[in-house]
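The values are calculated or read from the model by the stated rules, or taken from the named source; none is laboratory data. Just so we're clear, the structure is a prediction, and the values are computed from it rather than from any experiment. Positions of Cβ are backbone-derived with ideal geometry, glycine not excepted, and every protein chain shown enters the neighbour counts. Ligands, DNA and RNA are stripped out before the accessible areas are found, and what is left, the full protein with its side chains, is counted by its heavy atoms. Shrake-Rupley method; radii C 1.70, N 1.55, O 1.52, S 1.80 Å.
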Amino acid sequence: MSDEALSTRVADAYEAYFGTAPEVATSAPGRVNLLGEHTDYNGGAVLPMALRGLGVGIAIGRGPEPGVLTAYSDTFHDAETRRIDESAAGRWSDYVLGSLKSVAEADVAETGARIALITTLPMGAGLSSSAALEVACLRAASTLFQRPMSAVDIAVRARAVENGFVGMPCGIMDQFAVSVGKPGEALFLDTRTLEHAPAPALPGHRFVVVHSGVSHQLTEDGYATRVAECAAACDALGVEMLSDLGTDDLDRLTGLSPVLERRARHVITDNQRARDGLAALKNGDAPAFAQLMIDSHASERDDFEITVPETDALAAMALEFGALGARQTGGGWGGAVVALVPDANVATFGEAVTARFPDARVLAIT
Ligand code: GLA
């Protein structure tokens, strides 16, 4: 569904639910990450791509009760009512509440607010459904309450909502890709400096995003454990961030415990792979990009240990089904695999994947 269609649909859903038209309707896309996983909170490079046709639509209006926010999800047919001064409560409306607090707490205290949302992004696919929800809420609220913000400001704020309100210790990749990225275009981001630039497409090839059918849940311990392991590796190595180290420093890791050595090696090498990936895109070198994807998956599996048997099998079989390279994308422990597929193989690739993996589903072809 196009961005405009999503905004129109969510405006209709708002009106049907609340009985009055919204004042603002907007949307934000999901993202797929092509290279550079768990490098963002280590100050490294990432190469995500905002998705065309998959995202979150938000419609917002003021009223009727000062200090009260009602959020209605048309996708889940569920509504939650919160006070704007409440803390997070482990509910889906935390993302909406945290975003509104961040940009317009005083406004909502005065006027109240109502929000409808529609998501076309599957939850737990590793495609940034929560970042899309936050960014869409921030866009909608900043427009409604006339608090203009740049796309970068929105990304920074959305990450702060996630870290400080929701309590998920993520990096900035997702919010940045969703807020700043252009759907269908890869975006290179140095997460330390926030320097960024669009990256060219690979002519004659598509990135195909396939949900493995295994839903991940990042607020469970795994993600925070990896963040803590990376911090422990920094302490042991005497560096501020793992991105202070390059592939020339890999021999420095031998003094670490085996687990920390593997974690640090993944971050250092995947940071390099995101940088090499940008060069491959600029050179139009699909085989080189594909090899980086294959190496990245192996590193996610063997060193960072964030894959599951289903995504391992999907990434491996993708190569037999006509992809040049494939890897698990996103936070980990399931979710989607992204494959680089020559145009001529895209149709048969999708058919072969779903025939072999009945739980898998092609979500996007960009
Ligand atoms: C999640 C987080 C991101 C990033 C990825 C892994 O999507 O939100 O900040 O760490 O995992 O690359």
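Distances between placed amide hydrogens fall under 5 Å for T39 paired with no residue 5 or more residues away or on another chain. For segment 3-198, with all protein chains in place and a probe radius of 1.4 Å, 48% of the accessible heavy-atom surface sits on carbon or sulfur.
I'd like the distance between the alpha-carbon centres of segment 311-327 and segment 72-93, rounded to an integer number of Å. Going from one Cα centre to the other spans 38 Å.
Here segment 275-310 is scanned for amide nitrogen atoms under 16 Å from the site 7 Å beyond the Cα of R192 along Cα-to-Cβ, giving 275-276.
Under 10 °C and 1.306 mPa s, how fast does segment 64-114 diffuse according to Stokes-Einstein, given a Kirkwood radius computed over C-alpha pairs? Answer in µm²/s, whole number. Estimated via Stokes-Einstein, D reaches 147 µm²/s. In this structure the amide hydrogen of R206, modeled in the peptide plane, comes within under 5 Å of the amide hydrogens of V341, D343, none closer than 5 places in sequence on its chain. Using heavy atoms of the protein chains and a probe of 1.4 Å, the accessible area assigned to V152 is about 50 Å². Please state the shape class of segment 207-287: rounded when a/c is under 1.5, otherwise prolate if a/b exceeds b/c and oblate if not, all from the C-alpha gyration tensor. The shape class here is oblate. Each of Q328, L69, M317 was placed along the dipole of the chain (beta-carbon charges, centred on the mean Cα), and the one lying farthest toward the positive end is L69. Taking amide H positions as modeled 1.01 Å from N, with prolines and chain starts lacking one, the residues under 5 Å from L51 and 5 or more places away or on another chain are G30, R31, V32, G184.
Ratio of the chain's C-alpha Rg to 2.2 N^0.38 Å, to two decimals?
Working: Rg = 20.4 Å, N = 366, 2.2 N^0.38 = 20.7 Å.
Dividing the Cα radius of gyration by 2.2 N^0.38 Å gives 0.99.
Counting charges near T70 (Lys, Arg +1; Asp, Glu -1) among other residues having Cβ under 12 Å from its Cβ returns a value of +1. Note on L250 and T348: with the Förster distance fixed at 45 Å, the Cβ-Cβ geometry gives a FRET efficiency of about 0.70.
Kindly report the accessible area of segment 3-198 per residue (heavy atoms of protein chains, probe 1.4 Å, no ligands, DNA or RNA), in Å². Each step should come with its number before you reach the end.
Numbers: 6730 Å² over 196 residues.
I get 34 Å² per residue for this part.
Counting only Cα atoms, the size of segment 54-204 along its three principal axes is 52, 31, 26 Å, in decreasing order. As a length-normalised measure over Cα pairs under 8 Å and 6 or more apart, the relative contact order of the chain settles at 20 percent.
Suppose accessible area is computed on protein heavy atoms with a 1.4 Å probe; arrange H38, H205 from highest to lowest. All intermediate terms of the calculation are to be shown ahead of the outcome.
Values: H38 10, H205 50 Å².
If we order H38, H205 from most to least accessible, we get H205, H38.
Mind giving me the FRET efficiency for D221 and A316? R0 is 30 Å, r the Cβ-Cβ distance, nearest 0.05 is fine. Mind dumping the intermediate values first?
Details: r = 27 Å, r/R0 = 0.90.
Calculated value: 0.65.
How do the peptides 14-21, 324-331 rank, highest first, by the average count of neighbouring beta carbon atoms within 10 Å per residue? Walk me through the numbers before you get to the answer.
Numbers: 14-21: 15.1, 324-331: 27.8.
Highest to lowest by the protection proxy: 324-331, 14-21.
How do the peptides 26-37, 286-297 rank, highest first, by the average count of neighbouring beta carbon atoms within 10 Å per residue?
On the way: 26-37: 29.3, 286-297: 21.4.
The peptides rank, most packed first, as 26-37, 286-297.
To the nearest 20 debye, what is the magnitude of the charge dipole of segment 1-79 about its Cα centre, counting +1 on the Cβ of each Lys and Arg and -1 on the Cβ of each Asp and Glu? Before the final figure, lay out the partial values.
Working: 4 positive and 10 negative charges, 36 e Å.
Taking the Cα centre of segment 1-79 as origin, the dipole is about 180 debye.
Per atom type, segment 202-365 shows carbon and sulfur on 50% of its accessible surface, probed at 1.4 Å. For the peptides 257-270, 224-237, the ranking by packing is 257-270, 224-237, with the highest mean count of neighbouring Cβ atoms within 10 Å listed first.
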